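Any read-out appearing in this document is the output of simple, stated calculations on the displayed coordinates, not a laboratory observation. The model shown is predicted, which means the values in this text are computed figures rather than measured ones. Here the Cβ positions follow ideal geometry from the backbone for every residue, glycine too, while neighbour counts run over all protein chains shown.
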């Protein structure tokens, strides 16, 4: 595990395979670098696979007065990408909030970022489903509701699994999904240490975020992937990317919610590898 420090933040990152071209993966809100374990194995022959934190997400460390705007988040992650990749070309792969970051960093580094894969990426806020309810509560300073719900999800891996059920389309299939269970077992030791205060700060900024002005300028190929039953980030947001970016492709995964990497990992990985082959660096 390597570290990068900037403006009071310490982000962590990990290199999983060697290569001249970097495929850098950014996780979503409340998640961690470990959620990419399947995709790292799938893509390790495609280049240098690197996983990077979002700020405020364990094991990353945030300053005590943690506050963050969309521009500050993108600037911080852009500096981290520069630190990790130097001037070498990079493909950015982001899920949910990581998708928003990938689009923003690509706009900051259009000559260096060669491809972007945005999986159920947040394009504008507010969010829907259970996260939309949490944003509503935080906006009205009903902090105990947020603390109780997300604090309970940190008790054990099965509690984390219960919270993730709100992200899935098929709840029964979620409980029977060995990939989801393995993800929880890998990630819960880190998830239990995430600061709920940090999560609240980021969730509030996601209620007012809007990456469309930056995303519309992207010259590189972009793959937008969405589950057709995503309860948190409506599929219309990925369709907006496909309709408004000059070199964007859209993949819609049927009967999938907000977690394609868990609900339909094989279909997701086939879509990613096929698209990468169609858009070589």
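When only alpha carbons of the stretch 120-272 are considered, Rg and Dmax amount to 16.3, 45 Å. Summary of the geometry: the stretch 204-281 and the stretch 152-174, compared by the centres of their Cα atoms, lie 23 Å apart.
When you count the other C-beta atoms within 10 angstrom of each residue and take the mean per peptide, 22-29, 81-88 line up highest first as 22-29, 81-88.
Each listed q (0.14, 0.16 Å⁻¹) maps to a log10 I(q)/I(0) for the chain, found by the Debye formula over equal Cα scatterers with no solvent: -0.96, -1.32. Label-to-label distance, residue 5 versus residue 185, with points set 7 angstrom from Cα along the beta-carbon direction: 3.7 nm.
Work out how much length residue 88 to residue 195 would gain on full extension: take 0.36 nm times their residue separation and subtract the Cα-Cα distance, in nm to one decimal.
The span from residue 88 to residue 195 would gain 35.2 nm if fully extended.
Translational diffusion coefficient of the stretch 230-281 (Stokes-Einstein, Kirkwood radius from Cα pairs, 4 °C, 1.567 mPa s): 107 µm²/s. When each of the peptides 219-229, 6-16 is scored by the mean number of other C-beta atoms lying within 10 Å of its residues, the order from highest to lowest reads 219-229, 6-16. Go ahead and collect, in residue order, the members of the stretch 166-209 whose backbone nitrogen is under 20 Å from a label point 7 Å along the Cα-Cβ direction of residue 254. So the set is 168-174. Taking 7 Å steps out from each Cα toward its Cβ at residue 141 and residue 21 produces label points 5.2 nm apart.
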